[in-house]
Amino acid sequence: MDRRSFLATATGALSIGVAGCLGFEEGRAAGDHDVGMTQVDFRPEELTVDVGTTVEFRNTSSHGHTVTAVDIPEDATYFATGEFDDYEAATEAYESNNGGILTQGQSHEHTFEIPGRYDYVCIPHLASDMRGVVHVEE
Ligand SMILES: [Cu+2]
């Protein structure tokens, strides 16, 4: 599935999930981010892109979230809101001073250069299982 058809699919699913939420729909229609956020979910939870794609994660909710990689391919560049070097650093920063939090409307971009599966989480909503996956294909 190419990026365009995936996005079309994701948007379709989103329309069902947030029917009646006009503001969010307008945000999607602008096509200016790839992964949005609800109170305790990434939307979509899984995204498939080609190598070299820059993905924009945007906090489309009123709650604070992080985008923090937990499991990425060997040799891939670590990514996290707050630009931390690894998961431990991101966790410490969040626990000490809310480091890495994206507030409403803020975005974080990452360019995926290595194929494979990238699992990420929202640290403050781990208890709600707020997780996402980016699949990067050759
Ligand atoms: Cu969150």
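Remarks
- Among the numbered conditions (1) within 15 Å of the ligand (Cβ to nearest atom); (2) in contact with a Phe, Trp or Tyr (Cβ under 6 Å, 6 or more places away or on another chain); (3) not hydroxyl-bearing (Ser, Thr, Tyr), the only one that residue 72 does not meet is (1).
- Given (1) more than 12 Å from the ligand (Cβ to nearest atom); (2) crowded, with 19+ Cβ neighbours inside 10 Å; (3) under 11 Å from residue 68 (Cα atoms); (4) of a type outside the set (Asp, Glu), index of the condition residue 82 fails: (2)
- Scan of the range 88-103 for residues that are in contact with a His (Cβ under 8 Å, 6 or more places away or on another chain) and part of a loop (DSSP other than H, G, I, E, B), ordered by number: 101
- Considering only residues in the range 85-128 that are without any contact (Cβ under 8 Å) to a residue 24 or more places away in the chain and more than 19 Å from residue 63 (Cα to Cα), the one that is farthest from the ligand (Cβ to nearest atom) turns out to be 85.
Where a number appears in this text, it was derived from the coordinates with a stated rule and is not lab data. Values in this document were obtained by computation on a predicted structure and should not be read as measured data. Cβ coordinates were reconstructed from backbone atoms using ideal geometry, including for glycine residues, and neighbour counts include every protein chain displayed.
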